[in-house]
1. Restricting to the stretch 62-81, and then to whatever is assigned to a strand (DSSP E or B) and not aliphatic (A, V, I, L, M), can you tell me which residue is surrounded by the fewest Cβ atoms within 10 Å (Cβ to Cβ)?
2. Being farther than 26 Å from residue 228 by Cβ and surrounded by fewer than 20 Cβ atoms within 10 Å (Cβ to Cβ) is the filter here; which residues of the stretch 357-371 pass it?
3. Those residues that are among the small types (Gly, Ala, Ser) and within 15 Å of residue 459 (Cβ to Cβ), I need them from the stretch 80-112; list them, please.
4. Which numbered condition in (1) buried (at least 16 other Cβ atoms within 10 Å of the Cβ); (2) in the same structural domain as residue 193 (by TED's automatic domain parsing) is the only one that residue 386 fails?
5. Exactly one of (1) surrounded by 22 or more Cβ atoms within 10 Å (Cβ to Cβ); (2) assigned to a strand (DSSP E or B) is unmet by residue 477. Its number?
6. Any residue at all in the stretch 227-238 that is assigned to a loop (DSSP other than H, G, I, E, B) and under 30 Å from the mean Cα position of the chain (by Cα)?
7. What are the residues in the stretch 304-329 that are within 22 Å of residue 349 (Cβ to Cβ) and β-branched (Val, Ile, Thr), if any?
8. So, residue 217, is that one of a type in the set (Ser, Thr, Tyr) and surrounded by fewer than 24 Cβ atoms within 10 Å (Cβ to Cβ) or not?
Amino acid sequence: MSSPLASLQPSVLWKHFDALRCIPRPSGHEQAVMAHLRAWAESRGFKHRSDGVGNLVIYVPATKGREKAATVVLQNHVDMVAEKDKSTEFDFLKDPIEVVVDGDWVVAPKTTLGADNGIGVVAAQAVVDEPSVSHGPLELVFTVEEESALTGANNIDGSLIAGRTLLNLDSEEDGTLFVGCAGGCTADLAFELNPSATPQGWTELEITVTGLKGGHSGLTIHENRGNAIKVLVELLSRVAAGGPARLVRIEGGNKHNAIPREATAVVALPANSAGAVGDLAAAVTSDTLTEIGAIDPGLRIVVRPVDGQGPSASEATTVRLVRLLQALPHGALVMSRDIAGLVETSSNLAVVATADGRVEITTSTRSSVAPALRKVLDQIRAVAELSGASISERDGYPGWQPNMASPLLALCRTAWKELHGAEAHVTAVHAGLECGIINERIGGGADMISFGPWLEGVHAPGEKVNWKTVQRFFGFLSAILDRLSR
């Protein structure tokens, strides 16, 4: 039976993708795909090296007559997000990805497709195998575990990479040249509740905030969607201002890179004051929807009594925690000075959880400008220390500050206009790409750009890639390599 991809062009690229979709490669399970790439390199006589975390660099000689050109790095990650419909029987560690061609789209109907970043992986192979493409020396850099924690890029052995012109093929918008991305860092705070017995005669209320959209804390932060933790804390602040209140527990959010959609708190109050909380909840709902209703209209706050007379934080401690959560920054903080409409710096109040008598808080801060990132992290540290919370930082990674005077950018803009008769869109992304990390690991000084074809629904079942834009993407990549090697 022939593959549904057999008739697509460029055939050399889709042949490689057909092989790739049959190889397991969820994050953390890249051994088989790396073996596949090593075998491909060895069959063509290319040298290759791996580092301690499993990243792979394949060294491709120049085509005849282009030997004196500077080395170009083609960089991709080999892992994919493994998601499927709940009703679908599928094992990502052994089953081939099912694909169909639906008009202009290659689609995985019931699972993720792995076009992120599989199209970039096979494009790197295809430009080498396509006889009509001229290029100088190439270093094909394949990283692991990008989707889970940027592990491969963060730990790559920079000595394996000599090139200082880097093409990252991990973007998802046709006709767009990405020239920067955010760096980031996660901060973890711990606030001691020191709970004690709740006074006799008090009642407990559970307050739940639901209905918000949430979203990626980098890609949607500019939309000013609601943060369920912030909404909940606003209500808790009003409750505490109206009389004695003691926090029992608070929960909200579940991922550092997601804007919290839901949050819950249990608070103890004197029985005669509990009835006012419903009115306060209605007022907070109204006020919040006045702010965010146009973008996030589904907010709902529910207050209900719950059984229990467990320990709770003192009134003073409760107020101090509420003030801490109010003071922590959230949202788009600074817009880019280089690219109109782009967020430069943001922070996400991402997670709160109560465990073992303390509240644990996670924030995720991003910026394409390293000093700006540091400034916000210092602000978070100052707020934590003023409240008496402990704080630690983890998972930091550098950004990639846009360089609008980049020679590589100028070359790419010219190439796109010559090929398509229109200007390419030039922008940056307020999320993490591997470019900035790799540039730091190789000692800096790289001229970099990121581009790709049109993908939709990445990281979710039904992920698809527009095969007509894959043709443009491959032609553009080929043209850049030709121009860089002349």
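1. Only one residue fits best here, namely 76.
2. Those that are farther than 26 Å from residue 228 by Cβ and surrounded by fewer than 20 Cβ atoms within 10 Å (Cβ to Cβ): 370, 371.
3. 82, 108
4. (1)
5. For residue 477, the exception is condition (2).
6. The answer is yes, given that some residue of the stretch 227-238 is assigned to a loop (DSSP other than H, G, I, E, B) and under 30 Å from the mean Cα position of the chain (by Cα).
7. Those that are within 22 Å of residue 349 (Cβ to Cβ) and β-branched (Val, Ile, Thr): 317, 318, 319, 322.
8. No.
The values are calculated or read from the model by the stated rules, or taken from the named source; none is laboratory data. As the structure is a prediction and not an experimental result, all values here were calculated from the model. Every residue, glycine as well, gets a Cβ built from its backbone with ideal geometry; the counts of neighbours run over all protein chains shown.
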